[in-house]
1. May I ask for the Rg/Rh ratio of region 25-119, computed from Cα atoms with Rh as the Kirkwood radius, given to two decimals?
2. In the neighborhood of Tyr127, defined by Cβ-to-Cβ distances under 14 Å, what is the net charge if each Lys or Arg adds +1 and each Asp or Glu adds -1?
3. Rank Leu56, Ile17, Cys88 by how far each Cα sits towards the positive end of the charge dipole of the chain (+1 on Lys, Arg Cβ; -1 on Asp, Glu Cβ) and give me just the farthest.
4. Please report the relative contact order for the chain, taking Cα pairs under 8 Å with a sequence separation of at least 6, and give it as a percent rounded to a whole number.
5. Using a 10 angstrom cutoff on alpha carbons, build the Gaussian network for the chain and name the most mobile of Tyr78, Tyr122, Tyr143.
Amino acid sequence: MEYLVLFEKFYTPPTDIKERLDRLVKELEDKHHGGRPFFDALDDRIKDVTNQDMILALVKGCSDKWISTSGEFGDKLYKLWKDGKFECKGVVVFNGKMLTNRTGVKSWYPPDFKLEDKEFLYVDDSYFSGSTARKVNNFLRDYDSKVKSVSVIYDGSKKKVKGVRSFFRYYQ
């Protein structure tokens with residue numbers, strides 16, 4: 001049985017990435033039996049340096065976009081951009097742990113990044129309830145900017161949400 005559902009209307013990841021994610025999901029599900037421990041372990045494994053090709057596949061074709069991101073995943077994405085591994089108009093990284101620490105957006109880098117009058121693609125490893133993307137979007141409104149869409153490696157939300165694009169959905 002395949003655990004991941006491929007979206008038809010978004011960039012299709014290379015077969016090796018799809019197969020690796022499918023094996024990873026099966027391995028972690030056997031170990032954690034779903035729930036928060038499963039998704040936390042999946043996030044950690046996706047952020048692993050050996051999986052940077054997954055991140056790069058996610059931002060393929062974004063040369064004409066402004067990208068916003070957050071947390072540890074954002075740190076990795078920003079470094080890949082600074083190292084010239086992919087092209088876009090610019091990347092801004094917001095603080096992580098917005099939900100865990102109940103802080104919302106309180107900082108971003110690079111500090112000289114101009115937030116005004118932009119439409120952003122919010123990129124992250126996962127999507128569940130959309131709370132992080134909404135917090136970023138609400139913050140950006142003060143700068144006459146917004147999150148136009150969300151792109152993630154996997155969508156762990158139980159319902160499909162318009163504007164969220166992913167390689168895979170966990171729930172069918």
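1. On the way: Rg = 15.1 Å, Rh = 14.8 Å.
Over the Cα atoms of region 25-119, Rg/Rh equals 1.02.
2. On the way: positive: Arg134, Lys135, Lys158, Lys159, Lys160, Lys162, Arg165, Arg169; negative: Asp43, Asp124, Asp125, Asp155.
Residues near Tyr127 contribute +4 overall.
3. Cys88
4. Details: 272 pairs, mean separation 40.4, N = 172.
Reported relative contact order: 23 percent.
5. Tyr143
Each reported figure results from applying straightforward, stated rules to the coordinates on display, with no laboratory input. For clarity, every value in this text was computed on a predicted model and none was experimentally measured. Positions of Cβ are generated from backbone atoms using ideal geometry, with glycine treated the same way; all protein chains shown enter the neighbour counts.
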